[in-house]
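Read through the structure below, which is laid out as structure tokens, and then see the notes.
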Amino acid sequence: MLHNFDSVSEVVLPHVSLSGFRKLINGKESDHLIALRHQLYTQVWSAIRGEIDECLAHVHEKGLQQVTDRIIQTAEAMESISSTISGAQAFNEIPTLSLFAGINLQDHDILYTQIAQRLRTQHQCFVMVLPSGQCTNPKTTMTMIVSELIGKVRDRILLDHDDVTGIGEVEFQNLVRSAKSQGFNVPPSYDIKTLVDWFRHLKSRNPTDGAPLIVLVFKDFEGFDQSTLETLIRIFSEYCGELPVSFVFGIATSVDCVQQALPKHVSSLLQIESINLQLSAESVNRIIDRILIPGHYGLSLGYEAYEHLLDQFFLHNFSVKALVSTLQYAFMDYFYANPLSVLVSFVASPDRAPLATGELSYTLDSLARDMAEDHFDILRMQPSVREYLEGLDLPAKALFAVLDDNMLFFNDHLRPLMDRLRHFRLHYTLAIRCFQSMQECCDQSSLKKPLRIIHLFNLNEDLFRTEHYKAVTKAFKRLNVETVTDFIRSCVEAFLPHVNDQGEGNRVWVIIRMLQDVIRGLCNEPNPTVTPDTVRMILQTDRTIHQADLEQLLTGVTATQQGGDSSDQSSVQTAVPSGLSAPPMTPHRNSSMRNDLYMSLLTGANRTPSAATPQRINRRLMVLPDQSQNLTDAQIGWIQVAYECLDQFFRRTLRCYDRVTLHELFYYDNKRLLKKAFNAQPRASVQTALGQPGLYIRCQCCATHKEVDAIHHSHDDTCVLYKLYLECGRLINLYDWFVAFSSIKEGDPRHPSPKELQARFVRGISELQFLGFIKPTTRKTDHVIRLTWGAM
Amino acid sequence: MTASTVNLTLLRRSAAQRFPGREPQVDQLLRYLGQPADTSPPFLFIYGHESTGKTSIVRFILSEIFDSTHAAYISCVECYTPRLVFEHILKQLGDSHPSFETGFLSNVKCDSMQEFISFMRRLDGAHQLPRYIVFDNAEKLRDMGPTFLPAFLRIAELTDIPTTIILISCVPWDKFRPRNGIQEPLLVRFPIYGKEDTMKILALKCPSDEPLDFYLSFISVVYDVFSRNCKDINELRHLVALLFPKFCEPLFDGRAKRSEVPKLFRLCQTYFAAAADKLYLREISSAEWLRHIRVRRPGDDSDDNSSDPEDSGTSILGNPIESDALHLRIKTKLDFDLPYYTKFLLIASFLASYNPARLDVRFFSKGKESTSYSKRGKQAIQKQMMSNTGGKHRQQLLGPKSFPIERMLAIFYSILVDPIENSIEIQSQIASLVTLRLLVRTSNASQLDGIKCKCNVSYELIRHISHSVQFEIENYLFDFI
Ligand SMILES: Nc1ncnc2c1ncn2[C@@H]1O[C@H](COP(=O)(O)OP(=O)(O)OP(=O)(O)O)[C@@H](O)[C@H]1O
Ligand SMILES: [Mg+2]
């Protein structure tokens, strides 16, 4: 297997900054692999980051278009209003769009940049995005708006007259120079008049096309100073006729806040329309759908980490930004801490495998050579691998070989296992979407769970064991044949390009193959050789069946059925071996079982279906009350088998990830770390630090005393005081506290002087006060109040 | 340069035509101002409610009598700093405006009163004619420091040029008068219009293709309907402009004739209701309203019996207008969502704001069968409270009380069904509630210790929110209706 030597190990590594990646496995990891991990991380994350951005752009796309269109429309409508309604100009209303973009202000930055971008490029508007933090009074705000706009307007003038490229600027500079010589040397005061002048000038320059629209975006409306807003609105409305201005209010809460922030006579100067643009949940759904579920890059999240991610978003903050950071942290930790993360490329989908090309590219073979003994040990130690090895039922000698010979283990077991995992993921992704569309077919809205929830269910346990699955399949059975057929067809179409009869996909392939027959059956054009019962039998077998086998099998079965009345066993027996000889046998042990399979199939086929049918139909009639009248008997048979087939299909594909060998390696599940990184618990940490300083200060003496609660003189002063504090009541006498403190510190071999002790005591309690444990009181002299109760 | 004289009689007549109902005020103003060369009283104060024509009339008269270098008009909303005020006056009186031609530079930089006065002295034609400076929205002047207005009132003395200061404001003079005494102005009052005047003013805008009588009968009804809430000319005009097309609609699709005014009103009634509801509060913008009208303009009225599902649904009921007006009732429901725990934080703040602190133990102690206990407790206390205070000092009527964050957090942790750990996330959500102004910080922003907040949401909102997390807030509120 090691014949194609790759030159990876010979490649002189380019100088890669490893940004802190450590040697793992007790420092025994090779430099090359560290570089590889680091490189993998950078590449995988930047690819994912790119995909996330695409997702966000996609989700924003529609909303953005809507927003920009609306802004333009209202501005135009304003003009037409003033022309249709007499005296409407007197209203001086400013067209205003209030945009409800959800409560997470940080996420909005991208959104508003995109809106601004779009308005600028598509409609030649002048857009100003105003940050509330800098708009604290009318003066700064107006100065900002006017100076910025004037700069832009000038650019525009210069650009429009590009026949005199460069001259515009020169011309302007000349104007400035001559104005200066006439005593005009005070910089403009950037008030509205200046702006109006600019505009007049701009219009006079090109009177043909209408003056461009000025759009002022108030990104976080709630954060704006109310009187500033009021002034701005009054000023701009005064000049409505001369300056075409539109406002955009980014509102996080509700319309009321406009009415709350502005007095009636000001809010009536606005012509407000609203658009709801709460995209964060949608963005997250898409990220989950496109990135987390397929795990294209080889890594997915396990149940706990995934649940944590969802909880953080839906229960705590609605922040896409935070979600992305958490995700990044998870990926970083994975490549940072897991020496086996180098395997990730081989479970990634082929088109996105990281580092498949380029300087650092590597192959499985080269990797196998680079991996140290410990890598293999870690691999074998994974619970799922152990289970797998035990399940192999190998004779002791063969098992020993697997355990001992790394290359054997690698090539004969690890490779197929990784393939299997990849297939599992691929099928899972396709199937979960099928399942979602199955939900969509049903009428009850309670059954329509979003993909992210189905995925959550599925990470927790096999989907088919959940109540939800049962409810959906039950509801599905009430649908009419056409819907069922269409649904099956869409499933088949989704899967066909991705399955073949080789290797791990085989069972799924068989099911898909059967579904195709089912479709034909449901459409009343069955393949003459196949009946519902054959399908059922083939489904029930648990063996690998290859394409050639299957064809053989089907014709064989038909032969039996045709000759079934005469129960001509011999003819069937002859048919079987010819089918057997065709396919290449992969696992040697299967060949003997193949015969049994056929035997069981055939005996199944020999049970004359005609006897069973009426009874079954009766049962079905109860299931399908409203369909029975317009279905042929054959169709009823087919639809029943269709349900079974689908059930099998989902049972096969929507398994829980923890049943797949090697899942520990490719499903990240360190929820605790994520929590620690993103949900700091300051109070708990302070308390642990004070109560168990040994956890933080790794000094020798701390390691020696075992009992946690004991107070030892070598502890830090504040910790000693804290521990004494825990024993106190609500009011603490400072003197008693001091005495207790000194008596503990007496054990110190350095014998600190009383003065020193007193100073250290004072420092300690002021630290406690700073941390919020005590507070001075006037109720009793020399006492402090305790502010916390027990270990909350 | 000798000042041209103005024919005041002519001016009076044209002003009366333009501004019906303001003859006394116009007369008074003309008497005070006189000819351009006449010296006028140094200080006029024009007072009246919003949209009573103060700005328009004063500007009209000034522009008719004086040329622009003798009368400066300053809108104090626009000129938010003293520097802007000075410079705007100087630019208007000196007739120089920075423009593209001057590279937007200006030749005056005037930051203080001293500079201003010296600039004023140097202006051309200083010795010839009296000057007028109008401050519109003069209430804003009070923000510019206590000496600003008194100094302006002495400008004539300081510059040796007769100067009249005119203040226009909707705040009465009493609210301006500084403590250390100031020259008293001549007052001109612009009272609110009565029905007759309002009608005359509105009639000015009668569309040329409509008979005046017809239009008058329409505005008279509009006035009757809305005047109780709003006598503002601008608002009424807004309503008229938007309602009139609706009113005329039946004429074009043949449902009524011009003579059948009462019938027209009946047909239009729902719009009046909708307008009172939404339009006045601008909950539906005029553009939306108009877009709506435009669809149903004559010519394409065929969509009355079209297959539009909304319309056809109601036209079965034989009342297409109803559907229209209902259609206007755009949902005003609260449509913003908060994360799960943030909702509970908000609920807890609401409870902390409206419940007395001493009852927290009763309501929120995590004891046995807490709900039934607290319910009973609640009733008992309520009875006791009612007998004591008669429920007059109910917190609900007094508005939200501020509470320390710790108390709110204690309530928060006790109302949660599944306990969660105290993490940084909770703190940051409190901060974001404050940014969203759902909580209002009442303690000083620089004080990090013992932060206090108020809950700034309505009962409807909080009920909606608690409903969405299946929390029955009614059971936890004390003395609340
Ligand atoms: N007597 C009138 N005749 C005709 N139009 C009038 C009359 N009074 C007010 N209006 C109109 O009402 C509108 C509002 O008037 P204006 O802005 O002058 O009021 P204001 O008193 O300055 O209001 P604010 O106090 O809000 O500044 C203007 O369009 C004006 O033309
Ligand atoms: Mg005004």
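The values are calculated or read from the model by the stated rules, or taken from the named source; none is laboratory data. Worth saying up front: this structure is predicted, and the values here are computed from it rather than measured. FYI the Cβ positions are ideal-geometry reconstructions off the backbone, even for glycines, and counts take in every protein chain you see. Please note that ligands, DNA and RNA were not included when accessible areas were found on the heavy atoms of the full protein model with its side chains. Shrake-Rupley method; radii C 1.70, N 1.55, O 1.52, S 1.80 Å.
Below, the figures for the structure above:
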| read-out | value |
| --- | --- |
| By average C-beta atoms within 10 angstrom, highest first, the peptides A:251-259, A:462-470 | A:251-259, A:462-470 |
| Residue-count net charge about A:V535 - beta-carbon cut-off 10 Å; Lys, Arg +1, Asp, Glu -1 | -1 |
| Inter-label distance for A:D377 and B:E184, nm, one decimal - labels placed 7 Å from Cα along Cα-to-Cβ | 10.4 nm |
| Förster radius 41 Å - calculated FRET efficiency between A:Y696 and A:S227, Cβ distance, rounded to 0.05 | 0.25 |
| Per-residue mean of C-beta atoms belonging to partner chains within 10 Å, peptide B:419-427 | 5 |
| By accessible area with a 1.4 Å probe, ligands and nucleic acids excluded, highest first: order of B:D209, A:D405 | B:D209, A:D405 |
| Karplus-derived HN-Hα couplings along region A:305-315 (A = 6.51, B = -1.76, C = 1.60, θ = phi - 60°), whole Hz, x at Gly and Pro | 5, 5, 4, 4, 4, 5, 4, 4, 6, 7, 9 |
| Accessible surface ranking that places the most exposed of A:H296, B:H464 first, with a 1.4 angstrom probe | B:H464, A:H296 |
| Separation in nanometres of the label points that stand 7 Å from Cα toward Cβ, at B:N234 and B:R142 | 2.0 nm |
| Residues B:D224 and A:T777, FRET efficiency given R0 of 45 Å [Cβ-Cβ distance, rounded to 0.05] | 0.10 |
| Length gained when the stretch A:E525-A:K264 is fully extended (0.36 nm per residue, less Cα-Cα span) | 86.8 nm |
| Summed buried accessible area for A+B [probe radius 1.4 Å, Å², rounded to 100] | 6000 Å² |
| Approximate spin-label separation B:K200-A:D633, in nm, with each point projected 7 Å along Cα-to-Cβ | 9.7 nm |
| Förster-model FRET efficiency, 30 Å R0, A:K448 and A:A677, C-beta, rounded to 0.05 | 0.30 |
| Neighbouring partner chain Cβ atoms per residue of A:233-240, average, 10 Å criterion | 2 |
| Vicinal HN-Hα couplings computed from phi for region B:251-258 (Karplus, 6.51 cos²θ - 1.76 cosθ + 1.60; Hz; Gly/Pro x) | 4, 7, 8, x, 7, 8, 10, 4 |
| Averaged over A:456-469, number of beta-carbon atoms from partner chains that fall within 10 Å | 0 |
| Gain in span if fully extended, A:S685 to A:H751, counting 0.36 nm per residue against the direct Cα distance | 20.6 nm |
| Stretchable slack from A:N411 to A:A471, in nm (0.36 nm times residue separation minus alpha-carbon distance) | 17.3 nm |
